[in-house]
Amino acid sequence: MKWQFVIPLIFLSSVGLQGKAIAHGVKIQHQITQAIKINATYDTGTPLANASVTVYAPVDPSKVWLKDTTDEQGNFIFSPDSSQSGTWEIKVRQAGHGGLVSIPFQVDESNNYHNHNVSNNHKYLGNISNDYNPLQKGLMIGCTMWGFVGTGLFFWRFKTQDRPQEEH
């Protein structure tokens, strides 16, 4: 294999990795009134239409409290049990993509709803992050270059073995 083709390939592959990959991360937003409303969308803004929704109550988080689906816009609304104050877990999944959001929800004696310390920490199951740190980028570029060099050497080995040997 001629190195004049391999070196430009290595250079182009390292430059080409700088672009943003298209993946299906999920963003779940919520709003609390007398009910909890969530909106689930992919990173691109496309709603998770008819996605599976599983709700876990604070009293027994290992047991499913409610199971339903989102509407066409990725919305889902439910009224939590007012006798169960604490963190409600809501899992949204569709075609292998989804997320889990924890929502603190408390009711006082006069049935006023409170939402203290709302966390926007979403545990993404599909795409963890769109941004990579410099170490991760360097490792991806290095692995790609290693793959190109390894593949080139693999095929170069066959080319050198096929040559007729000169006799002295």
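Every residue in segment 47-60 that is open to solvent by 70 Å² or more (accessible area, probe 1.4 Å) and closer than 16 Å to GLY99 by Cα, please.
ASN50
So which strands (runs of 3 or more DSSP E) are wholly in segment 61-120 and hold at least 3 residues that are open to solvent by 70 Å² or more (accessible area, probe 1.4 Å) and either modelled with pLDDT of 90 or more or among the charged types (D, E, K, R) (or both)?
64-69
Can you tell me which residues in segment 5-50 are of a type outside the set (S, T, N, Q), assigned to a loop (DSSP other than H, G, I, E, B) and at pLDDT 70 or above?
GLY25, ALA35, ASP43, GLY45, LEU48, ALA49 - these are the residues of segment 5-50 that are of a type outside the set (S, T, N, Q), assigned to a loop (DSSP other than H, G, I, E, B) and at pLDDT 70 or above.
The values are calculated or read from the model by the stated rules, or taken from the named source; none is laboratory data. Quick caveat: nothing in here was measured; it's all calculated off a predicted structure. Note: areas computed on protein heavy atoms with side chains; ligands, DNA, RNA excluded. Shrake-Rupley method; radii C 1.70, N 1.55, O 1.52, S 1.80 Å.
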